[in-house]
1. Go through the stretch 200-238 and give me each residue that's among the charged types (D, E, K, R), in a helix (DSSP H, G or I) and over 26 Å from LEU127 (Cβ atoms).
2. Condition first: under 26 Å from TRP156 (Cβ atoms) and at pLDDT 95 or above. Can you find one or more residues in the stretch 52-71 that meet it?
3. Is it the case that some residue within the stretch 137-149 is free of Cβ contacts under 8 Å to residues at least 60 places away in the same chain and assigned to a helix (DSSP H, G or I)?
4. Which residues, counting only those in the stretch 17-51, are modelled with pLDDT of 80 or more, in a strand (DSSP E or B) and charged (D, E, K, R)?
5. If I go through the stretch 212-221 residue by residue, how many of them are under 18 Å from ASP176 (Cα atoms) and surrounded by fewer than 22 Cβ atoms within 10 Å (Cβ to Cβ)?
6. Looking only at the stretch 232-240, decide whether some residue is without any contact (Cβ under 8 Å) to a residue 24 or more places away in the chain and closer than 28 Å to ALA105 by Cα.
7. Among all residue pairs at least 6 apart or on different chains, which show Cβ distances below 6 Å where the first residue, located in the stretch 68-93, is within 18 Å of ARG16 (Cα to Cα) and the second is of a type outside the set (A, V, I, L, M, F, W, C) and part of a helix (DSSP H, G or I)?
Amino acid sequence: MLAKRVISCLDVRDGRVVKGTRFVDLRDAGDPVALASRYDREGADEVVFLDITATAERRRTVIALARRVARTLSIPFCVGGGIGSADLATAILRAGADKVAVNTAAVRRPALLGEIAARAGSQAAVLAIDARRRDRGYEVVVEGGRIATGLDAIAWAKEGVAAGAGEILLTSIDRDGTRDGFDLELTARVAEAVRVPVIASGGAGRVGDFVELFARTGSDAGLGASIFHSGEVLVSDLKRELAARGVRVRPSTEAA
């Protein structure tokens, strides 16, 4: 069985890390490179940067961020947010990112996933899915959770993988920032539907949430943001506790 991954997520706006609840009420959480470096030292397996800057200068700033991060981190990192073309995705990867995450642009044009995969390999093409519970299922939402698409999240996950995605970053809008625990039903259904790694995001609030995630779903990784930013849970402590509870995690200097 492959080791489970613990991933730190940083939402970046205008060069600063921000965090809110259900994608609103954003507050400053620090410098992205400094925070990512801390998570690297603590033993995080990967870091995800999601640029939510609403500006025409995004291309320049997101590439510059990737360069800064690449000079600092020793672990893989993914960059997402506003990536609408294979050219921009390639530029970010050339700047040092290991993966790019595509959300809204992939919904509008699924072929983009295949174009990125053709240039850099499917492992570099991450489909980011933001989903909200609706009736008895889950609906895909885009534009930071503001626009409903009518797409079923599980069906879209299958379509995205068929189009070229090599991994799925799955965020529950209902749980985002609440610290009420991961949406286990959503995660389990998507993980069962696809044959690529699934990263669960949204709702991490305690060590037990990660234990439940790995025990009750087929997810390959659990992602946390505010739980780590606040310092109340260290990545190294989380990985030690997971290992103590029988969850296989990747060893690290801090977590060993």
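The values are calculated or read from the model by the stated rules, or taken from the named source; none is laboratory data. The structure displayed is predicted, hence computed values, not measured ones. Here Cβ is always computed from backbone atoms with ideal geometry, including for glycine, and neighbour counts include all displayed protein chains.
1. Let us first name the residues in the stretch 200-238 that are among the charged types (D, E, K, R), namely 206, 209, 212, 216, 220, 232, 237.
Okay, now just the ones that are also in a helix (DSSP H, G or I), so 209, 212, 216, 237.
If the condition is that a residue be among the charged types (D, E, K, R), in a helix (DSSP H, G or I) and over 26 Å from LEU127 (Cβ atoms), then ASP237 is the only one that fits.
2. No, the stretch 52-71 has no match at all.
3. no
4. Keep residues of the stretch 17-51 that are modelled with pLDDT of 80 or more, which gives 17, 31-51.
Restricting the remaining residues to those that are in a strand (DSSP E or B) gives 17, 46-51.
GLU46, ASP51 - these are the residues of the stretch 17-51 that are modelled with pLDDT of 80 or more, in a strand (DSSP E or B) and charged (D, E, K, R).
5. Matching residues across the stretch 212-221 total 1.
6. No, the stretch 232-240 contains no residue that is without any contact (Cβ under 8 Å) to a residue 24 or more places away in the chain and closer than 28 Å to ALA105 by Cα.
7. THR72/SER37; LEU73/ASP40; GLY82/ARG58
Rundown of residues vs (1) closer than 21 Å to ALA36 by Cβ; (2) in contact with a Ser or Thr (Cβ under 9 Å, 6 or more places away or on another chain), yes/no style:
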{"position": "ALA70", "(1), (2)": "yes, no"}
{"position": "SER74", "(1), (2)": "yes, no"}
{"position": "LEU112", "(1), (2)": "no, yes"}
{"position": "SER122", "(1), (2)": "no, no"}
{"position": "ALA131", "(1), (2)": "no, yes"}
{"position": "GLY150", "(1), (2)": "no, no"}
